[in-house]
Ligand SMILES: C[S@@+](CC[C@H](N)C(=O)[O-])C[C@H]1O[C@@H](n2cnc3c(N)ncnc32)[C@H](O)[C@@H]1O
């Protein structure tokens, strides 16, 4: 995931206040949060906080961090409207029940709160999208449940968010995995 670092800064600095980061991973986004962040809950079913580098990232953070070893599609144990911002980076691809996770993310966001994301997903170009559909079953088995053909903007909007801004661009690597969706959406 380190090769994605140049893309993190522009995305992560949009987060503010009480933040929920879904798919916290090894905490690679922590270096990019700005001074407007008060606290962060980092949610991920994979708990790697016993790894020295991850522990150091958490300990060196300028704001308090609470790690929760939970799945976002299992129902979130937070009151409705608790968070000012929800963040995901390259995570919606791996959540099995992604629609359920997005509904939960919306529920715990304050009215007017922002969902900030950078994700990879389905190509706009038909030929690449067809290749994504062909390869996805194998890719999914080989890469820990990752899906390369999800239409991220549609999923976000169907989850009850209103798209404020969306950048579509090609990142590094093969076309089937390099279709980026970077955006900010508000709780509608
Ligand atoms: C490709 S990694 C990205 C990690 C991190 N966001 C980053 O940018 O480095 C995808 C992450 O999604 C997490 N994940 C998978 N299923 C999930 C679920 N149901 N709910 C929340 N996170 C999940 C994985 O454990 C993994 O840490």
**Prompt:** Most mobile of 153, 50, 84 per a Gaussian network model of the chain (Cα springs, under 10 Å)?
**Reply:** 50
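What is the order of 188, 61, fewest Cβ neighbours within 10 Å to most?
Least to most surrounded, the residues fall as 188, 61.
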**Request:** In nm, give the distance between the simple-model label positions of residue 55 and residue 110, each being 7 Å from the Cα along the Cα-to-Cβ direction.
**Result:** 3.5
**Request:** Would you mind calculating the relative contact order of the chain from Cα pairs under 8 angstrom and at least 6 residues apart, reporting the percent as a whole number?
**Result:** 20
**Request:** For residue 48 and residue 80, compute 0.36 nm times the residue count separating them, minus their Cα-Cα distance, and round to one decimal in nm.
**Result:** 8.8 nm
**Asked** So how tilted is helix 98-107 from the main axis of the chain? Cα-based, degrees 0 to 90, rounded to 10.
**Response** 30
**Message:** Can you tell me which of 20, 30, 138 moves the most in a GNM of the chain? Springs connect C-alpha atoms under 10 Å apart.
**Reply:** 138
**Request:** Mind putting together the pair-distance distribution for the chain? All Cα pairs, 5 Å bins, whole percent per bin, short to long.
**Result:** 1, 8, 17, 21, 22, 16, 9, 4, 1, 0
**Between helix 126-142 and the chain: long-axis angle, C-alpha atoms, 0 to 90°, nearest 10** = 60
**Asked** Restricting to the chain, what percent of DSSP beta bridges are antiparallel, rounded to 5?
**Response** 45
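Return 181, 32 ranked ascending by Cβ neighbour count within 10 Å, so the fewest neighbours appear first. Don't skip to the end; give the middle numbers.
On the way: 181 21, 32 17.
Ranked by crowding around the Cβ, least crowded first: 32, 181.
Of 78, 24, 161, how do they rank once you tally other Cβ atoms within 10 Å and put the fewest first?
Working: 78 17, 24 29, 161 25.
Fewest-to-most Cβ neighbours within 10 Å comes out as 78, 161, 24.
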**Asked** Based on the Cβ-Cβ distance from residue 38 to residue 134, what FRET efficiency comes out when R0 is 41 Å, to the nearest 0.05?
**Response** 0.35
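Just so you know, all these numbers are worked out from the coordinates, no wet-lab data involved. Computed from a prediction, not measured in an experiment: that's the story for all the values here. Note: ideal-geometry Cβ built from the backbone for every residue, glycine included; neighbour counts use all protein chains shown.
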